[in-house]
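I have placed the structure first, in the form of structure tokens, so that the comments after it can refer back to it.
The values are calculated or read from the model by the stated rules, or taken from the named source; none is laboratory data. Remember, it's a predicted structure, so these values are computed and weren't measured experimentally. Neighbour counts run over all protein chains shown; Cβ positions are idealised from the backbone, glycine included. Heads up: the accessible areas ignore ligands, DNA and RNA and are worked out on the full protein's heavy atoms, side chains in. Shrake-Rupley method; radii C 1.70, N 1.55, O 1.52, S 1.80 Å.
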Amino acid sequence: MAHILAPSTQWQMRVPKSSTFGSPIATKMWSSLFLKQNMHGAAKATGKFRVLALQSDNSTVNRVEQLLNMDVTPYTDKIIAEYIWIGGSGIDTRSKSRTLAKPVEHPSELPKWNYDGSSTGQAPGDDSEVILYPQAIFKDPFRGGNNILVICDTYTPAGEPIPTNKRHKAAEIFSNKKVVDEVPWFGIEQEYTLLQQNVKWPLGWPVGGYPGPQGPYYCGAGADKSFGRDISDAHYKACLYAGINISGTNGEVMPGQWEYQVGPSVGIEAGDHIWCSRYILERITEQAGVVLSLDPKPIEGDWNGAGCHTNYSTKSMREEGGFEVIKKAILNLSLRHKEHISAYGEGNERRLTGKHETASIDTFSWGVANRGCSIRVGRDTEKNGKGYLEDRRPASNMDPYVVTGLLAETTLLYEPTLEAEALAAQKIALKV
């Protein structure tokens, strides 16, 4: 994440009034993927959307594609808003569409909406209505034009946040004056694994078998080393189009696994951008006929897991003398290690084993340039005496609202006793 230097000056929560959105993302990039996937049926690609047709002729495919790619902007002021929310598992994204009379600039202009919470595991059948509150707007890379994606959080009809609404608490933390004054930056490294649709086995792996051992795949190139690059590139461009502050991408250590980075983002924006980027990735893998997995250890054995390393800094950390502030933050994090681990993703114990570039889930540790620690500090930060820290504990399926909120709360609002600080400093060999 060293290439992430400063937050974008563009405010991503609103859509500029003067903006004219271009065409949807080009998706004429799936041919190599289809060759690997051994899919049945005809796949026809265009410069925009392609349609998979089962037992259908090309003329039908062409007509559907024409309708999918139709630009309705010259004919109506109406737009389509895709309302997106987090489902009952706490990791699944759900969405539905509605027509708006005209383009909007800010989430406050959008109406609240509702959905059947009993069908998402978020409400009982006899009181199933859950209310969607629009919170952030992004451009829609699938429909193009003035159409938008809307990140929402979820409430009861009485206005109480439902249990899976983690954004509400995070927003409270990030609105605290102590936190606001410190302008917290987050750079999040989202790892994910691509699976073959019918067998749920990593993309590029022989069905029921294994590729060669890890080594040539990380940032590799070539048909025998890189599996799913088209999806990664399509996602990269779609995020840029949407206004997500995506800053890079790369192939990961395990074949069929990828990573992208989002940030630096300020405060609550970090969670909004990650959730929208995940939704876009789900939609792209849906089009490609590939399954997206955020499991932190998708394949047991001598294979790397999937994490969501979170880089973090405050204003004081970025200024002269910031390294001492970073060390104080590490001290606080060590005192709340169990609280963080319990909130850092389901199944994380299968990943945080002390092997494959992870620390043990049971022990807090920190180090400079050490990827086997809970918290890593970069060489440049140590050299310059200021910078950021990397929390390497979060799993790939973590909730970014929870992780970013906890980091801000523990480092800026939590006040341990002097005795607890002294004992913790001695335990982790940290001089503050």
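For the residues GLY405, GLY204, GLY321, a GNM of the chain with alpha-carbon springs under 10 Å puts the largest fluctuation on GLY321. Were the residues from THR60 through LYS383 laid out at 0.36 nm apart, the gain over their Cα-Cα distance would be 110.0 nm. Here region 98-243 is treated as a Stokes sphere of Kirkwood radius computed over C-alpha pairs; at 20 °C and 1.002 mPa s its diffusion coefficient rounds to 109 µm²/s. Computed with every protein chain present, the accessible area of ASP362 is close to 130 Å² [probe 1.4 Å]. For the pair LYS169 and LEU240 in one chain, pulling the backbone fully straight at 0.36 nm per residue adds 22.8 nm over the alpha carbon distance.
Ranking ALA422, VAL130, LEU195 by how far each Cα lies toward the positive end of the dipole of the chain (charges on Cβ) leaves LEU195 at the top. Here THR353 sits with roughly 70 square angstrom of accessible surface, probe radius 1.4 Å.
Going down the table (LYS166/LYS315; LYS139/LYS338; LYS166/LYS225), which pairs top 32 Å between alpha carbons? As for pairs spanning more than 32 Å Cα to Cα, those are LYS139/LYS338; LYS166/LYS225. Shown are TYR401, TYR414, TYR218, whose ranking by accessible area with a 1.4 Å probe and every protein chain present, most to least, is TYR218, TYR414, TYR401.
The protection proxy used here, the mean number of other Cβ atoms lying within 10 Å of each residue, ranks peptides 267-273, 337-343, 418-424 as follows, highest first: 267-273, 337-343, 418-424.
Computed on the Cα atoms alone, the convex hull of the chain gives a volume of 161 cubic angstrom per residue. Peptides 287-293, 109-115, 188-194 ordered by packing proxy, namely the average of other Cβ atoms within 10 Å per residue, highest first: 188-194, 287-293, 109-115. Projecting the Cα atoms of VAL207, MET398, ALA81 onto the dipole axis of the chain, where Lys and Arg carry +1 and Asp and Glu carry -1 at the beta carbon, places VAL207 farthest toward the positive end. Computed over all pairs of different Cα atoms, the Kirkwood value for the hydrodynamic radius of region 88-164 is 13.5 Å. Summarised in one figure, the compactness ratio Rg/Rh of region 285-325, Cα atoms and Kirkwood Rh, is 1.31.
Once the Kirkwood radius over Cα pairs is known for region 290-366, the Stokes-Einstein relation at 20 °C and 1.002 mPa s delivers a diffusion coefficient of 149 µm²/s.
Between TYR218 and VAL368, residue separation times 0.36 nm minus the direct Cα-Cα distance comes to 51.8 nm. Rounded to two decimals, the Cα-based Rg/Rh of region 276-432, with Kirkwood Rh, is 1.01.
For TRP201, the accessible area of its heavy atoms, probed at 1.4 Å with every protein chain present, is near 50 square angstrom. About the centre of its Cα atoms, the chain shows a dipole size close to 840 debye [charges on the beta carbon of Lys, Arg (+1) and Asp, Glu (-1) only; nearest 20 debye].
Between ALA343, SER360, TYR279, the Cα set farthest toward the positive side of the dipole of the chain (charges on each charged residue's Cβ, about the Cα centre) is that of TYR279. Listed peptides 151-158, 125-132 appear in the order 151-158, 125-132 once ranked by packing, highest mean of other Cβ atoms within 10 Å at the front.
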